[in-house]
Structures are given as structure tokens and as C-alpha cells.
Amino acid sequence: MIKAAHFEKIRTLAVILIALVLTFLIIAIISDDPLRTISIFLFEPISSVSHLGNVVEMAIPLMFTGLSVVLLFRTNLFNLGAEGLFYFAGIVASTIAIHWTLSGWLHPIVAILAGALTGALLSAIPGVLKAKWNVNELVTSLMFNSILFGVGLYFLNYKLRDPQAFSNSSYKLQPSALLPHLIPGTRIHLGLILALLCIVLVHYYMYRTRWGYELRMTGSNRSFAEYSGINTTKVIITVHLLAGFLAGMGGSVEVLGMYTRFQWTSLPGYGLDGALVALLAKNNPLSVIGAALFLAYIRIGADQMARLSDVPAEMISIVQAVIILLISAEQFLKFWKTRMLLKEAGIRE
């Protein structure tokens, strides 16, 4: 018998399966050759080393932002500020990559740390507002996204923009600041190692340290945590600092690993995608790896499907929407969970 403890994993897999089945049904209706279209969607991302590399490349920023949101969600904080932090940290890292001259190994380290620390400090603002005055973190984080995007776009247009470029992009980043690629024939860069290292460290922090215990207790019941002697104000501010640090590192790594110029004229979307990754991972740091790879895989599959068939890439929005709706629905498969709990209790008796 399947234990009730495994219910959430089964529930997530069921959600993904339902979303994919619904997508296949729609493809079958609108495509002239549905079998070929579905085959492209499922298998084209692994048809070559370069396509597989695209999946991993897209998963790297999703790992950073997903991990950032996991920390916040686990503390019961619905903060979506990783989007603006990701963008603005990219601006900071690009500024250092363009205007500073450092040795090859030191240049990217300084640029990434500058972006990460900027993300941490900016993230602390809604954290302090929430911890001290109970200001709604969702409202403040969404406002900060717009503010940081506007300020970042100003710096891009008036401080970093290359007048010789044919697009609204910055001067070229110095080669010494760029992250090295790990696998020939792909753009998989050193940021993958950094992302995996951060995931392991956050998992250790959350489940093997006293601070991680305080984080989880605050997320479960803040009033009870305070009654137990936990300084929840300190916990909330610390979590915002860590989450901002990770989001800022993700933006810095993405710019230095994937581009030779800063060219984001709109928010890249990875911060909001981090919330979907966190939902798929059920707020488990180690599960962020699989969740990020899955989301990257279906997006690369949708992109290839749009290129090679008669179905647009926007189809993937259906998958994401169904996943969000079903995972956030508390009653979905609740009857099955209740049944497993009753059976498990009966066996123990």
C-alpha cells in the first residue's frame, strides 16, 4: 500500500500527467498531423546535444529563482519579488563586467557577488516591512518588481547602452567576466555548478540547522513559534536576505553565462517562473532540480514544436495554467489522501 506520506509526490505527478494529457488532446484537435506534433514536443528536446543543452541552460536560472521562492514559501511568505531582483542584479553584474578591469578568475566572482548582495539588500526592504509592521509582502514585492525594472531600464538606456549597437543593449561585457562553458557544443556554463551547490547548501540549512528549524516552525505557525521562543522577526528578515541573495545570484549568473551584452528590455520572467518551480517541488530544495528541468524541457519542446509543426508555442501556457490550478487546489485528490490516512491508521492499530 502507498503510504499517505507519499501523497504529495503522487499528487504532483498526477497534476503533470493531467496537464500533459489535456495538451495532447488540444494538439490532436488543432494539428493536421497530431502524432508527429506530439512526438516533436516530447522527443525533440533530447534529439541532439545542443537541444539537450538548451534544456539545461534554461533550467539554471529556474533553479536559482525556484530555490529563492522555496525559502519564502516554506516560511509562509507569498513574496514574488524574485522577478525584479533577478533583473536588477543582472544590471549590477553587467556594470561591473563592463566598467571594471579585474583578473580572469576574480572578475566574474566580484560581479556575481555584487549582484547577489544587491538582491539580498533590496529583498530585505519588504522583509523588514513584513516583520516589523506586517505589511503584505505580495503587494510590496510586486511594487518592487515594477520599481526595479524602471530603475534598471533607466541605467540600461542612459548609462550602459552602446550607441553603436543595432538594438537597445549595453556595451559588450569584458571576456574576463564571462562564465566558462562546461560542455562543447552547448552553452551550459559554470552557473550550473553554482546552482547545484546552492541547492545542496539550502537543503542542509533548512533540514540540518537550528535556523532551518526556526524557518520551518515560523512557516507552520508564526504565533506558536513566537510562543516557543523563536524570534520570528529575525527569521522573516533572514529568509528575505537569503532569498534575495539567491535571486540576485541567478540574475548575475544568467547574464554572465549566456550573453555578451545586457539586453533585457523587459522583465525576463524567471522570477515568476520560480513560483511555479517551487510549487512543483512542493517547497523541497532538492526537488527544485527536477522541477526546473521539467519546466525547461516542456518549454524547449514547445519551442521546437512551433518551429517544426503547425502548433504555436503558446500551447505550453495551457500546461502551466493547469499545473498551477491543480496544485493550488486544496481539494484535488483530497478524498484519496483521506482514504490512505484511514488505511494507514487502521494498520497501525
Pairs please, first residue from the stretch 30-58 and within 11 Å of residue 296 (Cβ to Cβ), second anywhere and open to solvent by 30 Å² or more (accessible area, probe 1.4 Å), Cβ atoms under 6 Å, 6+ apart in sequence or on different chains. 45/51; 45/297; 52/46; 55/297; 57/187
Would you mind stating whether residue 8 is surrounded by 21 or more Cβ atoms within 10 Å (Cβ to Cβ), in contact (Cβ under 8 Å) with a residue 60 or more places away in the chain, of a type in the set (D, E, K, R) and assigned to a helix (DSSP H, G or I)? no
Which numbered condition residue 230 fails, given (1) in a loop (DSSP other than H, G, I, E, B); (2) modelled with pLDDT under 95; (3) of a type outside the set (D, E, K, R): (2)
Applying the selection to the stretch 308-349, what residues are open to solvent by 70 Å² or more (accessible area, probe 1.4 Å), part of a helix (DSSP H, G or I) and at pLDDT below 65? 334, 335, 336, 337, 339, 341, 342, 347, 348
Does residue 159 fit the bill of being charged (D, E, K, R) and under 15 Å from residue 258 (Cα atoms)? no
Determine whether the stretch 202-216 contains at least one residue that is among the aliphatic types (A, V, I, L, M) and open to solvent by 20 Å² or more (accessible area, probe 1.4 Å). no
Residue hits (the stretch 89-110; within 28 Å of residue 212 (Cα to Cα) and crowded, with 18+ Cβ neighbours inside 10 Å) are 89
Quick one: is residue 275 within 22 Å of residue 85 (Cα to Cα) and touching a Ser or Thr at 6+ places or on another chain (Cβ under 7 Å)? no
Out of (1) open to solvent by less than 10 Å² (accessible area, probe 1.4 Å); (2) among the acidic types (Asp, Glu); (3) free of Cβ contacts under 8 Å to residues at least 24 places away in the same chain, the odd one out for residue 254 is which? (3)
All positions within the stretch 281-297 that are closer than 20 Å to residue 53 by Cα and either of a type in the set (A, V, I, L, M, F, W, C) or not in a helix (DSSP H, G or I) (or both): 288, 289, 291, 292, 293, 294, 295, 296
Only one of 44, 83 that is among the acidic types (Asp, Glu), out of contact with any Phe, Trp or Tyr (no Cβ under 9 Å at 6 or more places or on another chain) and either in a helix (DSSP H, G or I) or at pLDDT 95 or above (or both): 44
Here is a list of conditions, (1) at pLDDT 95 or above; (2) over 20 Å from the mean Cα position of the chain (by Cα), and residue 185 meets all of them except one; can you say which number that is? (1)
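Okay, residues lined up against (1) free of Cβ contacts under 8 Å to residues at least 24 places away in the same chain; (2) among the polar types (S, T, N, Q); (3) not in a helix (DSSP H, G or I):
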| residue | (1), (2), (3) |
| --- | --- |
| 95 | no, yes, no |
| 103 | no, yes, yes |
| 122 | no, no, no |
| 125 | yes, no, no |
| 132 | no, no, no |
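The values are calculated or read from the model by the stated rules, or taken from the named source; none is laboratory data. As the structure is a prediction and not an experimental result, all values here were calculated from the model. We place every Cβ from the backbone using ideal geometry, glycine too, and count neighbours over all the protein chains shown. Side chains included, ligands, DNA and RNA excluded: accessible areas come from the protein's heavy atoms. Shrake-Rupley method; radii C 1.70, N 1.55, O 1.52, S 1.80 Å.
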